[in-house]
Amino acid sequence: MERVEDIIAAHAGRADEPGGTLLPILHDVQAAFGHVGEDAIRAIAHGLNLSRAEVHGVVSFYHDFRAVPDPRPVLKLCRAEACQARGVEALVAALPQQAQDGGRVKIETVYCLGLCSVGPNAMVGDAVHARLDGPKLAALVEALA
């Protein structure tokens with residue numbers, strides 16, 4: 001838990017910012033460990049003088065936070081209206097069934113990556129992939145698998 005405490009300490013000077021430090025801390029813990037486990041929730045609650053229920057509520061509310069690690073790489077696929085209009089649902093249907101069922105790659109639905117004019121879009125890590133078609137999406141999934 002020393003790393004979690006270091007993350008909390010790194011955000012100590014930001015306590016007066018609007019929105020506080022809980023979300024930035026949770027994002028950093030998620031990035032460091034791949035999940036926000038019960039031990040981290042306990043340490044964050046203690047470090048921020050919050051109840052464990054308050055921290056758990058935030059972790060369980062946002063889809064980006066996981067309570068348990070998932071070893072699969074994540075492809076976030078935009079399925080908002082603009083990407084739907086540009087054919088994202090047909091791309092999903094064309095993926096191999098194993099990819100659709102969450103085989104070796106976790107495909108998460110997101111609703112807008114902010115590139116509506118060049119959709120369909122996907123995000124892998126910090127990299128955004130625009131103007132996807134069937135072969136491009138299949139290649140992304142295959143590269144992650």
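Counting only residues that are at pLDDT 85 or above, surrounded by fewer than 16 Cβ atoms within 10 Å (Cβ to Cβ) and over 20 Å from ASP70 (Cα atoms), how many does the range 94-115 have?
Selection size over the range 94-115: 3.
Filter the range 47-98 for residues that are farther than 28 Å from GLU2 by Cβ, among the basic types (Lys, Arg) and out of contact with any strand residue (DSSP E or B) (no Cβ under 6 Å at 6 or more places or on another chain) and give the result.
ARG86
Considering only the range 26-45, state which residues are of a type outside the set (D, E, K, R), crowded, with 17+ Cβ neighbours inside 10 Å and closer than 17 Å to PRO69 by Cα. Can you show your working first?
Restricting attention to the range 26-45, the residues satisfying the condition of being of a type outside the set (D, E, K, R) are 26-27, 29-37, 40-41, 43-45.
Of the ones still in play, those that are also crowded, with 17+ Cβ neighbours inside 10 Å are 26, 29-30, 36-37, 40-41, 43-45.
Within the range 26-45, LEU26, VAL29, GLN30, VAL36, GLY37, ALA40, ILE41 meet the criteria.
For the range 66-93, how many residues meet the condition of being of a type in the set (A, V, I, L, M), at pLDDT below 90, more than 18 Å from ASP126 (Cβ to Cβ) and not in a helix (DSSP H, G or I)?
Final tally of qualifying residues: 2.
I'd like to verify a number: residues in the range 40-50 that are of a type outside the set (A, V, I, L, M) and at pLDDT 95 or above, how many?
Residues of the range 40-50 that are of a type outside the set (A, V, I, L, M), as a first pass: 42, 46-47, 49.
Next cut, at pLDDT 95 or above only: 42.
Counting residues in the range 40-50 that are of a type outside the set (A, V, I, L, M) and at pLDDT 95 or above gives 1.
Are there any pairs with C-beta distances below 6 angstrom linking a residue in the range 128-145 that is free of Cβ contacts under 8 Å to residues at least 24 places away in the same chain and within 15 Å of GLY87 (Cα to Cα) to a residue that is among the β-branched types (Val, Ile, Thr) and surrounded by 13 or more Cβ atoms within 10 Å (Cβ to Cβ), with the two at least 6 apart or on different chains, and if so which?
ALA130/VAL118; ARG131/VAL118
Could you tell me which of the residues LEU132, LEU140 is touching a strand residue (DSSP E or B) at 6+ places or on another chain (Cβ under 7 Å), surrounded by 13 or more Cβ atoms within 10 Å (Cβ to Cβ) and in a loop (DSSP other than H, G, I, E, B)?
Working: LEU140 fails: in a loop (DSSP other than H, G, I, E, B).
One residue alone meets the criteria, LEU132.
Considering only the range 23-65, state which residues are of a type in the set (Phe, Trp, Tyr) and over 21 Å from GLY125 (Cβ atoms).
Within the range 23-65, the subset of a type in the set (Phe, Trp, Tyr) is 33, 61-62, 65.
Of everything in the range 23-65, just one residue is of a type in the set (Phe, Trp, Tyr) and over 21 Å from GLY125 (Cβ atoms), namely PHE61.
The values are calculated or read from the model by the stated rules, or taken from the named source; none is laboratory data. The structure displayed is predicted, hence computed values, not measured ones. We place every Cβ from the backbone using ideal geometry, glycine too, and count neighbours over all the protein chains shown.
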